[in-house]
Amino acid sequence: MTAITRDQAQALAALIATMRPDWQTPGILKALSDARARGTGWDLAHAALYAAQDPSVRTPAVIALPGDHWRGRAIGDGTPLHFDRCPEPGHGSYRVDNCGACRSETLEATAPRVTEPGGVPMPDDVRAHIDRLKERSR
Ligand SMILES: [Zn+2]
């Protein structure tokens with residue numbers, strides 16, 4: 001485990017102080033020092049930033065305390081992923097504005113129907129060419 005260095009803590013405290021003007025750099029440094037045994041420099045940097053980002057956290061001392069800011073939340077977890085789902089029966093796993101099942105059903109409905117077994121419809125010019133070859137071989 002690589003603990004945060006003094007230079008890193010000072011840089012992090014300076015950054016946080018610019019983003020939380022109501023927090024003083026010495027208080028942030030004290031909290032970082034108190035928390036330095038809790039994890040790596042990365043762990044501490046993430047926890048400190050999460051704590052600083054939360055407006056309900058009044059003082060930097062919270063950085064050193066246990067709490068949600070230490071739980072390793074991924075960036076962006078604050079806003080849950082949500083999209084409206086396709087209302088068609090059986091399409092519930094698709095986005096309403098990009099439903100793969102609806103596209104598939106539309107393509108299926110407009111696809112050419114194969115009237116002969118064993119393949120795709122034969123273009124008329126190919127059919128005519130085969131018929132001419134058959135006539136010649138007779
Ligand atoms: Zn759909």
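The values are calculated or read from the model by the stated rules, or taken from the named source; none is laboratory data. As the structure is a computational prediction, the values presented were derived from the model and not from experiment. Reconstructed Cβ throughout: ideal geometry from the backbone, glycine too, with neighbour counts over all protein chains shown. Areas reflect the complete protein model, heavy atoms only, side chains present, ligands, DNA and RNA absent. Shrake-Rupley method; radii C 1.70, N 1.55, O 1.52, S 1.80 Å.
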Inset, instruction - With viscosity set to 0.692 mPa s and temperature to 37 °C, compute the Stokes-Einstein D of the chain, Rh being the Kirkwood radius across alpha carbon pairs; µm²/s, no decimals. - result: 158
Legend entry - Carbon plus sulfur fraction of accessible area for the chain, probe 1.4 Å, in percent: 56
Inset, instruction - With a probe of 1.4 Å, find how much accessible area the chain has per residue, and write the answer as a whole number in Å². - result: 76
Legend entry - 5 angstrom amide H check on Val96, placed H, neighbours 5+ away: Asp84, Arg85, Cys86
Inset, instruction - Please work out the C-alpha center-to-center distance from the stretch 86-105 to the stretch 11-76 and express it in whole Å. - result: 44
Legend entry - For the chain, with +1 on Lys and Arg beta carbons and -1 on Asp and Glu, the positive-most of Trp42, Thr5, Leu15 along the dipole: Thr5
Inset, instruction - Return one quarter of the surface area of the convex hull spanned by the alpha-carbon atoms of the stretch 6-70, equal to its mean projected area, in nm². - result: 3.6
Legend entry - Most fluctuating residue given options His69, His91, His46, as computed from a GNM of the chain linking Cα atoms under 10 Å: His91
Legend entry - Over the chain: helical MRE at 222 nm, DSSP H runs n ≥ 4 each giving -39500 (n - 2.57), nearest 500: -14500 deg cm²/dmol
